[in-house]
Amino acid sequence: MMELPESYLLSNQITKALSGKMISTIEVLRTPHKFAFFKGDNIQAYPELLEGKTIQGACFRGGMLEIDTEDAMIIFSDGVTPRYYTDRTQFPQNHQFALYFDDETAMICSIRMYGFIQVCRKGESTEEYYVSSLTKPNPLTDEFTYDYFRNLYPANKSISAKAFLATEQRIPGLGNGVLQDILWDAGIDPRYKLTEEDEAVFHTLYDSLRKMIRKMCEDGGRDTEQDLYGNPGGYVSQLSKKSLGEPCMKCGTLIHKAAYMGGTVYFCEHCQKRESGKA
């Protein structure tokens, strides 16, 4: 699923590869998909908004990818997987959204599990997660200070490290995938219950969050995801389905997984503490 490292990478690749290309034709839902969700103007309005328009560039909005033309924008999130093709003979036949350019290249998108696509005029998206990403600093910026991070924690509550970092859109673009390595680096189990008194833990979380997200972006996204050309990211994920049962890179203990909060968490039982004061 697309999270901040992937939206960051894709926005840079799209800006470099597609800027200046004119959209000649678009195609929506060539292959039906039960969990392909389209928002904004209805699908029938997409050609009028996009055809004949030129790609101006792209930017990342938390875990969402925004692609801009002169007066419209396209927003992708979740399991939308864009690919750029320069050879017509390689265009896939099954897809949910496609932009065909006047130079006979194309960006063709398929959806894994579920995905969100919106096409609308610039500045007119009211989608909650998109608006949230515009109003909150992301961890790559100087505005994402420790004080800002610390104040995200809900007062008078005790919630887990995973619930704090990856729910309620507190930090747009930080989801269950990116979360795993942040907590591994911090030495904290996803199920660790935070309290207001855990000031040292908050500092550790903040430092690891900033460091790991920056590294994932600089390395070209996670190796569990793919870029605009179908290549895996250059950042080697320490905790993912790929590492399950493999030795922890810090201590050699085998990586475990557990079901938690409606998803799967991966962890090292030796390196990551689950209870206050314990490793």
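Tabulated results
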item	result
Matching option when the condition is β-branched (Val, Ile, Thr) and either at pLDDT 95 or above or closer than 25 Å to Gly234 by Cβ (or both), among Thr195, Thr204	Thr204
When residues of segment 224-268 are limited to those that are among the aromatic types (Phe, Trp, Tyr) and closer than 15 Å to Asp181 by Cα, the one nearest to the chain's Cα centre (by Cα)	Tyr235
Qualifying positions in segment 59-71 - assigned to a strand (DSSP E or B) and either buried (at least 21 other Cβ atoms within 10 Å of the Cβ) or touching a His at 6+ places or on another chain (Cβ under 7 Å) (or both)	Phe60, Arg61, Met64, Leu65, Glu66, Ile67
Of all residues making up segment 1-58, the number that are small (Gly, Ala, Ser), crowded, with 19+ Cβ neighbours inside 10 Å and free of Cβ contacts under 8 Å to residues at least 60 places away in the same chain	2
Residue match in segment 214-229 (condition: of a type outside the set (D, E, K, R), assigned to a helix (DSSP H, G or I) and within 24 Å of Tyr8 (Cβ to Cβ))	yes
Test for Glu168: is it surrounded by 13 or more Cβ atoms within 10 Å (Cβ to Cβ), modelled with pLDDT under 95 and among the acidic types (Asp, Glu)	no
Qualifying residue in segment 91-112 (condition: more than 22 Å from Ala58 (Cα to Cα) and either of a type in the set (D, E, K, R) or touching a residue at least 60 places away in the same chain (Cβ under 8 Å) (or both))	yes
Which listed residue is more than 19 Å from Tyr229 (Cβ to Cβ), touching a strand residue (DSSP E or B) at 6+ places or on another chain (Cβ under 7 Å) and not charged (D, E, K, R), from Leu50, Leu18	Leu50
Test set (1) polar (S, T, N, Q); (2) touching a helix residue (DSSP H, G or I) at 6+ places or on another chain (Cβ under 8 Å); (3) under 21 Å from Glu48 (Cα atoms) - Thr105 fails condition number	(2)
Thr204 polar (S, T, N, Q), assigned to a helix (DSSP H, G or I) and either on the phi > 0 side of the Ramachandran plot or touching a helix residue (DSSP H, G or I) at 6+ places or on another chain (Cβ under 9 Å) (or both)	yes
Residue that is surrounded by the fewest Cβ atoms within 10 Å (Cβ to Cβ), among those in segment 128-145 that are assigned to a helix (DSSP H, G or I) and touching a residue at least 60 places away in the same chain (Cβ under 8 Å)	Leu134
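Residue-wise test of (1) β-branched (Val, Ile, Thr); (2) touching a Cys at 6+ places or on another chain (Cβ under 6 Å); (3) more than 20 Å from Leu174 (Cβ to Cβ); (4) at pLDDT 95 or above.
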position	(1), (2), (3), (4)
Lys215	no, no, no, yes
Asp219	no, no, no, yes
Asp223	no, no, no, yes
Gln238	no, no, no, yes
Glu246	no, no, yes, yes
Thr253	yes, yes, yes, yes
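The values are calculated or read from the model by the stated rules, or taken from the named source; none is laboratory data. Because the structure is predicted, anything quoted here is derived from the model rather than measured. Glycine gets a Cβ as well: all are built from the backbone with ideal geometry, and neighbour counts include every protein chain shown.
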